[in-house]
Amino acid sequence: MALVSVIGATGRQGLAQIRQLLAAGHDVRALSRSENPDLGPTNADIETRQIDLSDPSTFVPAIEGSEAVFFTHPLQMRATRAELAGALGQASKEVGVKRFVWNTSAWIPDKPGDAFTYANNTTAINALWRSGVPATVFGSVLFMDNLLTNWARPFIMHEDRYVYPHKPHLEANWISLDDVGKIMTLALDRPDLEGAWMNIGGPERLRPPQVAEILSEVMGRPIKYDPCTPEEFGAYLVEAQGDGMPEAERAPFAAGIAAFYHFNNDSPNTPFKVNTDYMQERLPEMEFETLRDWAKRQDWSDNAHRPSFG
């Protein structure tokens, strides 16, 4: 049993990591900017500390005393990835953290060719290694839980449409956030994963029409695949963040999301596809959840507890 500090604890990914750490018997410290973080109905009693990822002076006080750290890079801080990963690694090294586990929330380039913004993951991994902290990095390629967000779920539930910026041919290994949390948790007891990185995804490689078919089966009514443009999707994500995003950042953020999905749709590197045979060989403990099973156990209602940007 270890005390694990979870950075970004109030987000969708952090909450799933907390669930899996607690299920495995670990102690958890939730780190966020808020003095009173919203950790949902089941996690309200765990220890909390404040951290401001834009202020490195807060890193050591937040992390000290932890045996491990879980880190998920905020979507809104895309340009500072290497600097932030390196600084958090140095702070963790300073206080004697035994394992730093980073979920990049995106594909890590594993082949030559144009990697677009994904190349930032490579430079950030190098910065993390150079900090000297014992670390493991997972590149989770696409989350099933995105379908529950306020930029996707309302279309499904109120308009019977699965709206996403994927072209019909695009194949993706959707993975549940709970499975990501399980993988990060098992890394704590895997010395062979220290100093390792790997891309992770779910057990099925699905095209958008197949996703719509699964949602139709689970919902008990037809859900139509209705692709939006990457530009429309960028606007949806900006709108979903509400007043939490400053006005000056909204247009550049939307444009960045649009460019990102244009790349995903057309790149020969196929960033949403994972070598599942290799992944399962490296992670034999894992029983990966299918999209169908994940969707069946979700609360799709409007009043379910969810993070504000989720």
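A few notes on this one:
- Of all residues in region 30-37, at least one satisfies being modelled with pLDDT under 95 and not in a loop (DSSP other than H, G, I, E, B).
- Hey, Ala212 over 30 Å from Lys98 (Cβ atoms), touching a Gly at 6+ places or on another chain (Cβ under 7 Å), among the hydrophobic types (A, V, I, L, M, F, W, C) and crowded, with 16+ Cβ neighbours inside 10 Å or not: no
- Scanning region 114-140 for residues being modelled with pLDDT of 95 or more, at negative phi and assigned to a loop (DSSP other than H, G, I, E, B) gives a total of 2.
- Taking the criterion of being part of a helix (DSSP H, G or I) and acidic (Asp, Glu), the residues of region 199-217 that qualify are Glu213, Glu217.
- For region 218-286, the helices (runs of 4 or more DSSP H) that sit wholly inside it and include 1 or more residues that are surrounded by fewer than 19 Cβ atoms within 10 Å (Cβ to Cβ), over 20 Å from the mean Cα position of the chain (by Cα) and among the aromatic types (Phe, Trp, Tyr) are 276-282.
- Leading residue by the ranking (modelled with the lowest pLDDT) among those in region 287-310 that are of a type in the set (Lys, Arg) and assigned to a loop (DSSP other than H, G, I, E, B): Arg306
- Test: residue in region 27-35 that is under 21 Å from the mean Cα position of the chain (by Cα) and farther than 18 Å from Val101 by Cβ: yes
- Residues in region 59-101 that are of a type in the set (Asp, Glu) and either under 20 Å from the mean Cα position of the chain (by Cα) or in a strand (DSSP E or B) (or both): Glu83 only.
- Selection within region 176-189: residues that are assigned to a loop (DSSP other than H, G, I, E, B) and in contact (Cβ under 8 Å) with a residue 12 or more places away in the chain. The member of this set that is nearest to Val28 (Cα to Cα) is Leu188.
- Test: residue in region 61-69 that is under 19 Å from Val6 (Cβ atoms) and in contact with a helix residue (DSSP H, G or I) (Cβ under 7 Å, 6 or more places away or on another chain): yes
Residue-by-condition table, conditions (1) modelled with pLDDT of 95 or more; (2) under 20 Å from Pro271 (Cβ atoms); (3) surrounded by fewer than 19 Cβ atoms within 10 Å (Cβ to Cβ):
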| position | (1), (2), (3) |
| --- | --- |
| Trp151 | no, yes, no |
| Leu186 | yes, no, yes |
| Gly202 | yes, yes, no |
| Arg207 | yes, yes, yes |
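- Picking from residues in region 16-29 that are touching a strand residue (DSSP E or B) at 6+ places or on another chain (Cβ under 7 Å) and not in a strand (DSSP E or B), the one that is farthest from Gly244 (Cα to Cα) is His26.
- Pairs, first free of Cβ contacts under 8 Å to residues at least 24 places away in the same chain in region 251-270, second part of a helix (DSSP H, G or I), C-beta under 6 Å, six or more apart: Ala254/Gly234; Ala254/Ala235; Ala254/Val238
- Qualifying residue in region 101-110 (condition: surrounded by fewer than 21 Cβ atoms within 10 Å (Cβ to Cβ) and not polar (S, T, N, Q)): yes
- Test: residue in region 51-58 that is part of a helix (DSSP H, G or I) and either in contact (Cβ under 8 Å) with a residue 24 or more places away in the chain or hydrophobic (A, V, I, L, M, F, W, C) (or both): yes
The values are calculated or read from the model by the stated rules, or taken from the named source; none is laboratory data. The shown structure was predicted, so the numbers you read here are calculated from the model rather than taken from an experiment. All Cβ positions, even for glycine, are placed from backbone atoms using ideal geometry, and neighbour counts span all protein chains on display.
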